[in-house]
1. Under 17 Å between alpha carbons, and skipping anything fewer than 8 positions from residue 61 in its own chain: which lysines qualify?
2. Can you figure out the FRET efficiency of residue 1 with residue 144, using R₀ = 30 Å and their beta-carbon distance, to the nearest 0.05?
3. Which of the trypsin sites (Lys or Arg not before Pro) across segment 89-179 are loop residues per DSSP, with 11 or fewer other Cβ within 10 Å?
4. With each pseudo-label sitting 7 Å past Cα toward Cβ, what's the residue 128-residue 163 distance in nm, one decimal?
5. Whose amide H sits under 5 Å from the amide H of residue 18, counting only residues 5 or more places off or on another chain, with H placed in the peptide plane?
6. What is the distance in Å between the Cα centroid of segment 1-16 and that of segment 53-94?
7. Could you work out the relative contact order of the chain, using alpha carbon pairs under 8 angstrom and six or more residues apart, expressed as a whole percent?
8. Where is the GNM fluctuation largest for the chain (alpha-carbon springs, 10 angstrom cutoff): 147, 169, 48?
Amino acid sequence: MSTIDLIILGSLYQSPKSAYELQKQIEDRHLARWVKIGSYTVYKKVIQYEKKGFVFSETKKNGNMPERTVYTLTPNGKTKFHELMSGFSAGETRIFLDFNAVIVNMPLLNDADFNECINNIKNSIYKTKNQIQEQLSKQKEMTIFGQMILEQQYMLLETLEKWEMIFEQKINREDEQHD
């Protein structure tokens, strides 16, 4: 199972929800920024959980509103949630950066494309850091856990900014040596 499972099961541990409500909570918490998860995944996962006995579903109708299926965590689902919490908290700390796949392949590029990729990475780090800084300014609306995750991400982005500058300096020195 993955971190996506932990996020969804954790949300259902808090309270029963429809797949739409799960997706909305993921969006509201900006979790898609750190874990690749979309609405299709949420719907697919709750169906899988029901087959595995982690949730049970109940179709509800509220007035004139359309029917909706609400998922509730079962005792097996709560056990799986606790297993995932223990496993992920004890596991290897991994930091996946999509742009590392770009870095590895940069020697294959011509100078213009190479420079474009460096600028794209630099701008992405800067933009993401500013987005998180904006979210941090709204801390009063967040739990302490949400605040701490944003602060962690902000600090990592500050480190990535420093790393990017060093990377550019080393690339420039290497280019000078080859000229």
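1. Cα-Cα hits under 17 Å: 17.
2. Working: r = 26 Å, r/R0 = 0.88.
With R0 = 30 Å, the Cβ-Cβ based efficiency is 0.70.
3. Details: sites: 94, 122, 127, 129, 138, 140, 162, 170, 173; in loops: 94, 138.
Here the trypsin sites (Lys or Arg not before Pro) that fit, given the DSSP loop and packing criteria, are 94, 138.
4. So the label points at residue 128 and residue 163 sit 0.9 nm apart.
5. Amide H to amide H, under 5 Å and 5 or more residues apart or across chains, residue 18 pairs with 71.
6. Using only Cα atoms, the two centres lie 5 Å from each other.
7. On the way: 120 pairs, mean separation 31.3, N = 179.
Relative contact order comes out at 18 percent.
8. Checking each option, the largest mean-square fluctuation is seen for 169.
Laboratory data are not the source of any read-out in this text; all were calculated from the coordinates shown. Since the structure is predicted, the reported quantities are computational estimates derived from the model, not experimental observations. Please note: Cβ atoms are built from the backbone with ideal geometry, for glycine as well, and neighbour counts cover all protein chains shown.
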